[in-house]
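Step one of this worksheet: look at the structure below.
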Amino acid sequence: MQRYIASRAIDAGLTIWLVLTLVFFAMRVLPGDPAMAALGDQATTDQLAAFRALMGLNDPLLVQYGHFLWDMARLDFGRSFRTDEPIGGLLAAALPYTIELATAAMLVGAAIGIPAGVVAATQRGKAADYAARALSLIGLCMPEFYLGALLLIIFALRLDLFPIMGGGGPPLDRLHHLVLPAITLGLVMAAFTARLARSSLLEVLKRDYIRTARAAGIPERQVIWHSALRNALIPVVTGFGLYILTMLSGSISIELVFARPGLGTMLVSGILARDYPVVQAGLVVFAFFVVAVNLTMDLMYAAIDPRIQGPG
């Protein structure tokens with residue numbers, strides 16, 4: 001087990017290094033002058049030259065790359081080109097909004113998707129099954145930003161039940177601002193979870209021990225919720241974890257639609273302003289989440305099925 005964990009940790013480290021390298025060079029390839037973006041069109045030539053020298057933009061590319069890797073190893077994200085604020089402070093302010101959105105969306109997805117999948121599987125070929133499958137297909141086909149805009153128009157603009165934009169202040173106000181974005185992202189996740197739960201449960205219901213339990217006179221509700229669902233949830237949990245990766249990218253568009261001051265909004269603002277340090281920090285944090293989820297799923301696979309660890 002220790003050897004398996006070490007190998008997965010090495011893979012995770014190499015992935016993070018590759019992401020850091022890609023992020024660094026991709027930012028330098030994009031058109032535009034970060035000095036001009038930071039100082040504005042009215043900046044003089046001397047001011048632009050002084051800014052480039054101060055920020056190390058005149059150094060050879062490999063020197064800049066070395067400084068970048070060293071800073072990332074020390075978790076030093078630098079300062080914003082545009083506002084001169086420490087990026088660590090910007091991340092500390094933005095991350096809670098993204099984390100609470102992702103957490104709430106996962107809860108919504110599980111709370112809706114798993115029961116819907118169970119109903120569809122137990123009512124196979126009936127109206128409830130067709131309805132659940134149709135709704136899940138619509139949810140998978142509908143882009144998050146479109147669904148978010150639709151809910152915003154109906155429940156915020158027309159019915160005035162929720163705030164139009166922002167992240168909120170006090171806890172209750174913050175929760176009020178979170179409802180629509182979480183439902184938007186959670187409904188898409190629920191559609192995926194429902195289809196996965198349905199197919200997994202249908203497969204489990206065909207097994208011999210389920211037929212034996214039914215023949216023994218065990219109530220159907222107990223067979224479904226205690227015997228079958230426990231085993232059917234293993235692939236659901238696996239797929240749920242993998243879908244988190246897709247949800248992280250979807251959270252960017254949701255934060256933009258609802259004007260939430262999260263990591264996605266910070267990242268897009270940094271791209272538009274050619275703010276290298278902000279964009280690099282945002283992408284590195286997203287990459288860290290992706291690698292962390294993948295590593296967690298690998299360890300869960302090994303715990304569920306020790307054969308995955310390989311010989312020895």
Legend entry - Whichever residue in the range 144-182 is without any contact (Cβ under 8 Å) to a residue 12 or more places away in the chain and under 14 Å from VAL257 (Cβ atoms) and, among such residues, is farthest from the chain's Cα centre (by Cα): LEU157
Legend entry - Evaluation of GLY89 against (1) more than 23 Å from LEU267 (Cα to Cα); (2) without any contact (Cβ under 8 Å) to a residue 12 or more places away in the chain (one fails), failing number: (1)
Inset, instruction - Please work out which one of (1) surrounded by fewer than 20 Cβ atoms within 10 Å (Cβ to Cβ); (2) not in a helix (DSSP H, G or I) is the condition GLY167 fails and give its number. - result: (1)
Inset, instruction - Considering (1) free of Cβ contacts under 8 Å to residues at least 24 places away in the same chain; (2) surrounded by fewer than 16 Cβ atoms within 10 Å (Cβ to Cβ); (3) among the hydrophobic types (A, V, I, L, M, F, W, C), say which one LEU61 fails and leave the rest. - result: (1)
Inset, instruction - Being assigned to a helix (DSSP H, G or I) and among the charged types (D, E, K, R) is the filter; apply it to the range 116-163 and report the residue that is nearest to LEU229 (Cα to Cα). - result: ASP129
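Output the residues belonging to the range 112-131 that are over 23 Å from GLY250 (Cα atoms) and surrounded by 13 or more Cβ atoms within 10 Å (Cβ to Cβ).
Answer for the range 112-131, where residues must be over 23 Å from GLY250 (Cα atoms) and surrounded by 13 or more Cβ atoms within 10 Å (Cβ to Cβ): PRO115, VAL118, VAL119, ALA120, ALA121, THR122, GLN123, ARG124, ALA128, ASP129, TYR130, ALA131.
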Legend entry - So PRO219, is it farther than 30 Å from PHE286 by Cα and not assigned by TED's automatic domain parsing to the domain that holds ASN294: yes
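Could you tell me whether GLY78 is of a type outside the set (Val, Ile, Thr), touching a residue at least 24 places away in the same chain (Cβ under 8 Å), crowded, with 16+ Cβ neighbours inside 10 Å and at positive phi?
So GLY78 fits the description; yes.
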Legend entry - Residue that is surrounded by the most Cβ atoms within 10 Å (Cβ to Cβ), among those in the range 170-226 that are farther than 30 Å from ASP160 by Cβ and among the hydroxyl-bearing types (Ser, Thr, Tyr): THR193
Legend entry - Number of the condition not met by LEU101 [criteria: (1) surrounded by 15 or more Cβ atoms within 10 Å (Cβ to Cβ); (2) outside the structural domain of SER136 (by TED's automatic domain parsing); (3) out of contact with any strand residue (DSSP E or B) (no Cβ under 9 Å at 6 or more places or on another chain)]: (2)
Legend entry - Selection status of VAL268, at pLDDT 80 or above and within 16 Å of the chain's Cα centre (by Cα): yes
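The values are calculated or read from the model by the stated rules, or taken from the named source; none is laboratory data. Here the structure is a predicted model, which means the values were calculated and not measured. In this analysis, Cβ positions are derived from the backbone assuming ideal geometry, glycine residues included, and neighbour counts consider all displayed protein chains.
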